[in-house]
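Take a look at the structure below.
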Amino acid sequence: MISLDELLIMSGLSRKSDWFEALKINTTALGCDSVLFAYKSNNNVDNDQAIILSDYPAAWRQKYDAEKFARIDPVVSHCLTSTVPIVWFDNIYTSVQQLNFREEAKKFGLAQGVSLPIHGAAGQVGMLSARFEATPQRQLKHHLARTLPNLTLIRDYALDTFLNLLGKESAEEPVALTHRELEILKWSAFGKTTWEIARILSCSEANINYHFAKIRKKFNVGSRRMAIVKALQTGLLDF
């Protein structure tokens, strides 16, 4: 169970990392193995631009983004169009693509869980997903029935406190790129294609696309071209 004091831990924080740690304290108290919080300012924002905070396996998050699984994940489409929770039962995965996606997720330990849609008063959308892998399958329905009211409360506090956090963040907060991200952006600025950059850096095109998704998210832009412009304006790229 959770208490109001534990929920209020998420208030007044100034960094996303601290806020997410506070969120994990609350979900862990409910027996949750890991959690994902996804946020978009409105439904028209591309899923690639969503803010994602998660302690899911890093390899799964990389694969999910690189292969654009959000386009076929039924949990995502449900949470963007509904207000009721969705449990990750096998029957929600219907197409061949979704069934293959389901099997891939299971390999990374994402077989059991629930996602609660987020719909803010100003049109914000997203989800709070909780994984319950350690819960015996035969007990899952009973556990979720007892847990969902508290998860719903956490979801509501999470949105409210996250919006406060966004309001406190400086609009001019400096963007930090990794060495690999800078390399990729530099070669893109030189006019190299994804295929060419992958060959230059001896990695896959999916890996390059994954890094570009992260770069666009950091600059809050929708294209590589605008990311290059932003990097030049802020002095991260210098020719």
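At-a-glance table
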{"item": "Electrostatic dipole magnitude of the stretch 4-168 [Cβ: Lys, Arg +1; Asp, Glu -1; Cα centre; debye, to 20]", "result": "200"}
{"item": "For Pro74, net neighbour charge (Lys/Arg +1, Asp/Glu -1) across residues whose Cβ lies under 13 Å away", "result": "0"}
{"item": "The stretch 1-76: radius of gyration and largest Cα-Cα distance (Dmax), Å", "result": "14.2, 40"}
{"item": "For Ser129, net neighbour charge (Lys/Arg +1, Asp/Glu -1) across residues whose Cβ lies under 13 Å away", "result": "0"}
{"item": "Estimated FRET transfer efficiency (Ser11, Ser82; beta-carbon r; R0 22 Å; 0.05)", "result": "0.20"}
{"item": "Within the chain, helix-based [θ] at 222 nm, where runs of 4 or more DSSP H residues each add -39,500 (n - 2.57), nearest 500", "result": "-15500 deg cm²/dmol"}
{"item": "Per DSSP, loop chymotrypsin sites (Phe, Trp or Tyr not before Pro) in the stretch 132-222 with at most 16 further Cβ within 10 Å", "result": "Phe190"}
{"item": "Sparsely packed GluC sites (Glu not before Pro) within the stretch 100-191, loop by DSSP, other Cβ within 10 Å at most 16", "result": "Glu133, Glu169, Glu172"}
{"item": "Distance histogram for the stretch 179-233 (every C-alpha pair counted, 10 angstrom bins, percent rounded to whole numbers)", "result": "26, 61, 12"}
{"item": "Spin-label model distance (nm) - Val229 vs Arg180, 7 Å beyond Cα toward Cβ", "result": "2.8"}
{"item": "Other-chain or far-sequence residues with amide H under 5 Å of Gly113's (modelled H)", "result": "Trp88, Phe132"}
{"item": "Dipole-positive endmost among Gln62, Leu163, Asn209 within the chain (Cβ charges, Cα centre)", "result": "Asn209"}
{"item": "Relative contact order (percent, whole number), the chain, Cα cutoff 8 Å, 6+ residue spacing", "result": "22"}
{"item": "Highest-fluctuation residue, Gln62, Gln98, Gln139 considered, GNM on the chain with Cα pairs under 10 Å", "result": "Gln139"}
{"item": "Cβ-derived FRET efficiency at R0 35 Å, Gln49 paired with Ser202, nearest 0.05", "result": "0.75"}
{"item": "For the stretch 1-159: Kirkwood Rh in Å [reciprocal of mean 1/r, alpha carbons]", "result": "16.1"}
{"item": "Overall form of the stretch 133-206 per C-alpha gyration tensor (a/c, 1.5; a/b vs b/c)", "result": "oblate"}
{"item": "Over 19 Å (Cα to Cα) - which of Lys16/Lys107; Lys24/Lys218; Lys63/Lys192; Lys63/Lys106 fall in this group", "result": "Lys16/Lys107; Lys24/Lys218; Lys63/Lys192"}
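Just so you know, all these numbers are worked out from the coordinates, no wet-lab data involved. Small disclaimer: the values here were computed from a predicted structure and weren't measured. Cβ atoms come from the backbone with ideal geometry, glycine included; neighbour counts cover every protein chain shown.
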